[in-house]
Amino acid sequence: MNQQHQAEHLFYGSFAEEYHLLIRVCPPAAEMSRRVGEFVGHWHRPETQGPLALLELGSGTGITTNILLHNRPDAHILSVDNAPAMLSQAREHLAGPIATGRLEFREIDALGALQSLPAASMDIVASAYTLHNFLCGHRHQVLAEILRVLKPGGLFVNGDRYALDDPAQHLGNIQEEIRGYFRVFLGEMNRPDLLEQWVTHILSDESEEHVMRFTPALDEMAALGFAQPDVPHRDGGNALVTAVKPWR
Ligand SMILES: C[S@@+](CC[C@H](N)C(=O)[O-])C[C@H]1O[C@@H](n2cnc3c(N)ncnc32)[C@H](O)[C@@H]1O
């Protein structure tokens with residue numbers, strides 16, 4: 001693995017094994033997963049034949065997958081992730097829906113997964129806290145592929161970190177987030193190893209070649225051809241972004 005490749009794979013070791021600590025350092029994440037599920041649950045698809053095909057990008061440990069399953073009992077979910085240490089937990093947590101055939105996890109890069117799917121084959125593409133991890137160029141390709149695999153009228157919903165447009169304000173938020181890491185991982189848990197991993201991770205997310213800034217991200221989606229872009233919820237650097245594939 002070359003250095004850049006390795007820098008793109010941050011979900012391993014104790015970071016992955018103790019990913020449940022996310023709730024301690026990023027409480028809005030759980031709330032956002034709930035909102036993604038709720039939005040998907042209330043969405044009326046234009047055509048009603050057959051099971052609803054839902055693709056989730058970034059399974060993680062299955063937190064959002066589980067919420068999607070509960071909110072869309074009519075869905076067959078394909079959920080993809082490229083980190084074995086995250087997927088093994090997701091498979092363990094959601095063994096039931098896997099056994100019934102409602103859910104399939106696949107270990108693959110998000111872009112590779114999309115490219116392997118036929119055009120207009122998915123009713124919904126949903127994701128939570130995954131796209132911000134991508135290099136900007138990779139994310140652009142992923143967004144273009146999401147549009148390709150969605151059926152006309154299909155839904156894209158992403159609950160994610162969207163950096164504030166004002167860099168100074170955004171920096172203030174990130175500094176506060178890092179102070180929180182110190183409080184939890186050093187002050188409360190005495191886990192310098194986790195502190196190191198979380199700081200390393202946020203440095204990657206915030207780097208110029210990854211950062212997903214709010215207005216440019218919405219502009220990028222509009223330029224690619226997504227219709228009805230909307231932001232039903234926004235809380236600081238976290239936003240729920242939705243859009244559909246146009247009919248034409
Ligand atoms: C912050 S976690 C979020 C997990 C989950 N969506 C949730 O709501 O808890 C991001 C996940 O995206 C996965 N991921 C990051 N880059 C990826 C890529 N290029 N292809 C597939 N999965 C990726 C990571 O392995 C990780 O499990």
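Taking Lys and Arg as +1 and Asp and Glu as -1, the other residues whose beta-carbon sits under 12 Å from that of Arg106 total -4. Normalised by the number of residues in the chain, the average gap of Cα pairs under 8 Å and 6 or more apart makes the relative contact order 20 percent.
Secondary structure note: in the chain, about 35% of the DSSP beta bridges are antiparallel. What is the sum of charges around Ile77, taking Lys and Arg as +1, Asp and Glu as -1, for the other residues whose C-beta is under 10 Å from the C-beta of Ile77? Summing Lys/Arg as +1 and Asp/Glu as -1 gives 0. Label-to-label distance for Ala95 and Glu31 is 3.5 nm, based on points extended 7 Å past Cα in the beta-carbon direction.
Distance from the Cα centroid of the stretch 201-218 to that of the stretch 100-142 is 19 Å (rounded to whole angstrom).
Potential lengthening of the chain between Asn190 and His42 amounts to 49.0 nm, from the contour at 0.36 nm per residue minus the alpha-carbon distance. Annotation for Cys136 and Ser88: the two label points, set 7 Å from Cα along the Cα-Cβ direction, are 3.6 nm apart.
Scanning the chain for DSSP H helices at least 18 Å long along the axis (C-alpha atoms) with a Kyte-Doolittle mean no lower than 0.0 picks out 136-149.
Taking the mean number of other Cβ atoms within 10 Å as a proxy for protection, how do you rank 120-133, 204-217 from highest to lowest?
120-133, 204-217
Here the relative contact order of the stretch 150-248, from alpha carbon pairs under 8 Å that lie six or more residues apart, stands at 48 percent. Compactness check for the chain: Cα Rg over 2.2 N^0.38 Å is 0.98. Where both bridge residues fall in the stretch 115-248, DSSP classifies roughly 65% of the beta bridges as antiparallel. Averaging the sequence gap over all C-alpha pairs within less than 8 Å and six or more residues apart, then dividing by the number of residues, gives the stretch 120-191 a relative contact order of 38 percent.
In the stretch 178-214, whose amide N lies under 17 Å from the spot 7 Å out along Cα-to-Cβ of Arg234? List them in ranges. Those under the cut-off are 212-214.
Taking label positions 7 Å along the Cα-Cβ direction at both Glu8 and Asp166, the computed distance is 3.4 nm, reported to one decimal. The residues neighbouring Glu220, those whose beta-carbon lies less than 11 Å from its own, together hold a net charge of +1 under the Lys/Arg +1, Asp/Glu -1 convention.
Every read-out reported here was derived from the displayed coordinates using simple, explicitly stated rules and does not represent laboratory data. What you see is a predicted model, and the numbers here were worked out from it, not measured in a lab. Heads up, the Cβs are rebuilt from the backbone with ideal geometry, glycines too, and the neighbour counts pull from every protein chain shown.
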